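Derivation of every value follows stated rules applied to the coordinates shown; laboratory data play no part. Bear in mind the structure is a predicted one, so any value in this text is a computation, not a measurement. Every residue, glycine as well, gets a Cβ built from its backbone with ideal geometry; the counts of neighbours run over all protein chains shown.
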Amino acid sequence: MAHILVIANETVASQTLLDAVRAEAGGDDRVTVIAPVNEPNQGYVVYEDTRRASAGRRLEKTLKALREAGVATQGFVVETGPVQAAKDALVQLEPAIDEIVVATHGVERSGWMRRDVVGDIGRIAGVPVKHVVVEPSDDGETNVLVIANQTVVSDELLNRIRERAAKSPASFLIVAPQSDDEEHKDADRRLRRALTELRGEGIDAHGQVVHPDPYTAARQVVNDERVDEIIVSTFPGERSGWLRRDLIQRLRKDTGLPVEHVVAPS
C-alpha cells in the first residue's frame, strides 16, 4: 500500500488533478490532499477566514470525487506555504509518504511556479515528486482582483462584482490601498462593510488593506497569486489621483491582464 501526498490549492478541484491522482492510486493506496492557504507577503489586514473557506470548499469537492472513485482519501486545509506544508506532512503523516503530486497552473499564471515551489519540494522530499499542470479552462473558477479604497462600498462597484459573479464562477480579492492622509481604521471599516455585504449574498470575496500606492499593491498581488482579471474602481477623473497617474493603462500594459474601470460618482 502506497501513501500519496497531493499539494494543491486553487487547482485542487480540477479534473486534470483528479485524473492524475486516480491514475497514480491503486485500489489499496491512500491519498492525503493538503491545500495550503499562505498569507500574502503584503498587507496590513488579511481576511484569512474567507481564503480558508474557499480552499475548504474546493478540497471537499475533490475528496468527494476521489472517494466516489474508490480511493481512500483524507484532506486538510493548512495555514502555511506549500513547501512548509510538504515538510510537515513528510514528518507527521502516517504511514510514510511514498510519492508527492504537486498541482499548479502554468508558469504564466502560477505564483508557485514563479517561486519554483515544485523544485523546492523536490529538493526536500526524498521521494518522487510529480508535477501536474492545470490549464485555465479546467479549474472552473476565475480569480478577480478588485482595487478600490474610498469607492469600495459604492453601488457601482458592488453591482459590478455581483454581475461578474453571476456570469461565471469567480473568487474576488479586494485590495484597499490606504491613502496617506487617512487612518487605517477608515479603510478597514469600508472594506469590512463591502465584504460583509458580498459574502452575505454568497459571493466568494476576501480582502486586505494594502500598500497606499495602488499600482504597487496590484503588482504585488499579481506576483504573489494567480489573477485572471482586474477591476479598478475610482472617482471621476477630476477627483481621482489614481487616474491622474494613469493607473488603468499602466496595469493593462504591465500585467497583460484585462483591466475594467468602474467609476463611482463623487
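Charge dipole of segment 3-138 (Cα centre as origin; +1 on each Lys and Arg Cβ, -1 on each Asp and Glu Cβ, all else neutral): 200 debye, rounded to the nearest 20. The amide H of VAL209, built 1.01 Å from its N in the peptide plane, has TYR44, VAL45, ALA176 as neighbours under 5 Å, considering only residues 5 or more places off or on other chains.
Entry note: segment 85-169 has Rg to Rh equal to 1.17, where both radii use alpha-carbon atoms and Rh is the Kirkwood radius.
Semi-axes of the equivalent ellipsoid of segment 3-138 are 22, 17, 15 Å, computed as sqrt(5λ) over the eigenvalues of the C-alpha gyration tensor in descending order.
Of the residues SER110, PRO128, GLY241, the one whose Cα sits farthest toward the positive end of the charge dipole of the chain, with +1 on the Cβ of Lys and Arg and -1 on the Cβ of Asp and Glu, is GLY241. Between ALA2 and ASP29, ARG30, the built amide H atoms are under 5 Å apart, and every one of these is 5 or more places off in sequence or on another chain. Modelled label positions at ARG244 and GLU108, each set 7 Å beyond Cα in the direction of Cβ, lie 3.7 nm from each other.
Placing a label point 7 Å from the Cα of VAL127 along the Cα-to-Cβ line, the residues of segment 80-108 whose backbone N sits under 17 Å from it are 82-103. Near the amide H of SER171, under 5 Å away, which other amide H atoms are found, from residues 5 or more places off or on another chain, if H is placed in the peptide plane? Residues meeting the amide H criterion: THR142, ASN143, VAL144. The GLU201 and GLU94 beta-carbon pair, evaluated with R₀ = 41 Å, returns a calculated FRET efficiency of approximately 0.45. Principal-axis analysis of the Cα atoms of the chain puts helix 15-24 at an angle of about 20° to the longest axis. Taking a 29 Å limit on the Cα-Cα distance, which of the listed pairs LYS167/LYS253; LYS61/LYS185; LYS87/LYS253; LYS61/LYS87; LYS64/LYS130; LYS130/LYS167 fall beyond it? The answer is LYS61/LYS185; LYS87/LYS253; LYS130/LYS167. Using the Karplus relation 6.51 cos²θ - 1.76 cosθ + 1.60 with θ = phi - 60°, the per-residue 3J(HN,Hα) values for segment 243-251 come to 6, 5, 8, 6, 4, 4, 5, 5, 5 Hz, with x marking Gly and Pro.
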